[in-house]
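Okay, structure first, notes after.
The values are calculated or read from the model by the stated rules, or taken from the named source; none is laboratory data. Model, not experiment: these values are computed from the prediction. So basically every Cβ, Gly included, is an ideal-geometry build from the backbone, and we count neighbours across all protein chains shown.
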Amino acid sequence: MHLPEGCAIIYRHFGNPNARQISKEASTICKARGLVFLVSCDSGVPPGTDTGVHFSERLHDAIPDWRKSYPKQIFTAAANSAQSARRALGLGANAVLLSPVFDSESPSAGLALGAETFKQIVGNINGPVYALGGITAQNAKTLQGYAAGLAVVSGVLSA
C-alpha cells in the first residue's frame, strides 16, 4: 500500500520497548515519502523536528505542557464526544480524531456515533475533526464535506 503525500501515520506503541528506535526509523521513512509522522505522547519518546504527537483522550491535560516544549509540532488528540473534542482543541491540539463513527471491531471502540451524529458534532466544533472507526470506502462518502479527513486502522490493512 502506498499512501499519498500529506497523509499522516500515528504510531501507537502500546508499551513496545523499542518505541524510540521504531519512532526514529518510521519518522525517517515518513519524511522521505512526504508523510506526517506522529507518535503517541504516552510513549516517553519526545518528538523530533519532523515528528508530531498524538494524545489519547486520557492524556489531554498534557497537551499544554507539550505545546510549550514543542510549539511547532502537529498535535492530534483522540476524542469520543463533542465535549472531549472541544477540550482537546482548546488545550492546543491542531486536530481531533473523533470515534467511533461507525461500528468497529476494535476492542476499545464504544457505541458508534453514526454519520448524522458525527456531522452534528463537527458542525459545533471550531477546528478540524477527522473521522475514525469503522471507516470503509462506502461509508466514507457519507462524511464528505464534514470530516476534515479520515483515520483508519483496519481499513488500510484490508484495502
Margin query: Can you tell me how many residues within region 19-32 are among the basic types (Lys, Arg) and modelled with pLDDT of 90 or more?
Written below: 1
Notebook entry, point to check: Within region 111-141, how many residues are among the hydroxyl-bearing types (Ser, Thr, Tyr) and at pLDDT 90 or above?
Noted result: 2
Note to self: Among the residues that make up region 33-53, is at least one of them more than 27 Å from GLN83 (Cα to Cα), in a helix (DSSP H, G or I) and either modelled with pLDDT under 90 or more than 14 Å from the chain's Cα centre (by Cα) (or both)?
What the structure shows: yes
Margin query: If the requirement is being modelled with pLDDT under 85, closer than 24 Å to ASP61 by Cβ and either touching a His at 6+ places or on another chain (Cβ under 6 Å) or hydroxyl-bearing (Ser, Thr, Tyr) (or both), which of these qualifies: SER108, SER154?
Written below: SER108
Check: When region 109-137 is examined, which residues are found to be under 15 Å from the mean Cα position of the chain (by Cα) and of a type outside the set (A, V, I, L, M)?
Finding: GLY127, PRO128, TYR130, GLY133, GLY134
Checklist line | Pairs where the first residue, in region 127-156, is over 15 Å from ALA112 (Cβ atoms) and assigned to a loop (DSSP other than H, G, I, E, B) and the second is of a type in the set (D, E, K, R) and at pLDDT 90 or above, C-beta under 9 Å, 6+ apart | finding: GLY127/ARG86; GLY145/LYS119; TYR146/LYS119
